[in-house]
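All remarks here apply to the structure that follows.
Laboratory data are not the source of any read-out in this text; all were calculated from the coordinates shown. These figures come from a predicted structure and were not determined experimentally. So basically every Cβ, Gly included, is an ideal-geometry build from the backbone, and we count neighbours across all protein chains shown.
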Amino acid sequence: MIGRLLAWIVLGAGLLVGSQFAHLSDLYIERLLGRLDELHRAVQTMRAQAQEAGLDLDAWIAHFEQSDDQIVHRDGVEKRATLARAQQYEDDAAALTGADLVHLPIEFVRRVDHDMLRAVVHRYEPAFPAGLRGFVYTGVGALVGLIFGALLSPRRKRRFRRT
């Protein structure tokens, strides 16, 4: 009895997760692209400042990083980290927006920024999966739920009657 209940709960969880993945991934990608836009503006500002100093961006940042002044050095380290984060978000955005129906969940799991996902989930409101992606992911969630539910469900012994 408990095994069957657990199997139904797992099926329901699979349906719920599958049905909401399309919407959640869309919101995550929107947030990622927003942060990428913000980082592009920061990198543009750094490029302009480097150009004003007569240096290319890498040389300009290296100037900060090589400073003996700890405040200036730390600023250079942060500028380099901003540049690296912009490249990482660029790669993530290209992979996620270019992924097809099958590869999106794989790329999502591979590339998820947990802090960003936490922020998306914090403001997340469930949505009805009206598009093809929503229906496909709902079906996959149901299938995964059925498989795990079947694995958790006690197997009934068949009893044969002789007549």
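The table below lists the values:
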| read-out | value |
| --- | --- |
| Value of [θ]222 nm, deg cm²/dmol, for the chain, DSSP H segments ≥ 4, -39500 (n - 2.57) each, nearest 500 | -27500 deg cm²/dmol |
| Span from the the stretch 119-147 Cα centroid across to the the stretch 36-97 one, whole angstrom | 37 Å |
| Alpha-carbon spread of the stretch 1-81, three principal axes, descending order, Å | 74, 25, 15 |
| 24 Å tail of the calculated P(r), the chain, as % of Cα pairs | 56 percent |
| Rg followed by Dmax, in Å, when the stretch 57-99 is reduced to its Cα trace | 13.8, 45 |
| Pair Ser67, Val17: separation of 7 Å Cα→Cβ label points (nm) | 4.8 nm |
| Sorted by Cβ neighbour density within 10 Å, fewest at the top, the residues Leu27, Leu132, Leu143 | Leu132, Leu143, Leu27 |
| Options Val72, Leu16, Tyr28, ranked by Cα towards positive dipole end of the chain, top entry (Cβ charges) | Leu16 |
| Rounded FRET efficiency, nearest 0.05, which uses the C-beta distance separating Leu6 from Leu101 and R0 of 35 Å | 0.70 |
| Computed E for Leu143/Ala48 - FRET, C-beta separation, R0 45 angstrom, nearest 0.05 | 0.30 |
| Of the DSSP H helices in the chain, those whose Cα atoms cover at least 24 Å axially and whose Kyte score averages 0.5 or more | 132-152 |
| Net charge dipole size for the chain [Lys, Arg +1 and Asp, Glu -1 on Cβ; Debye, nearest 20] | 2480 debye |
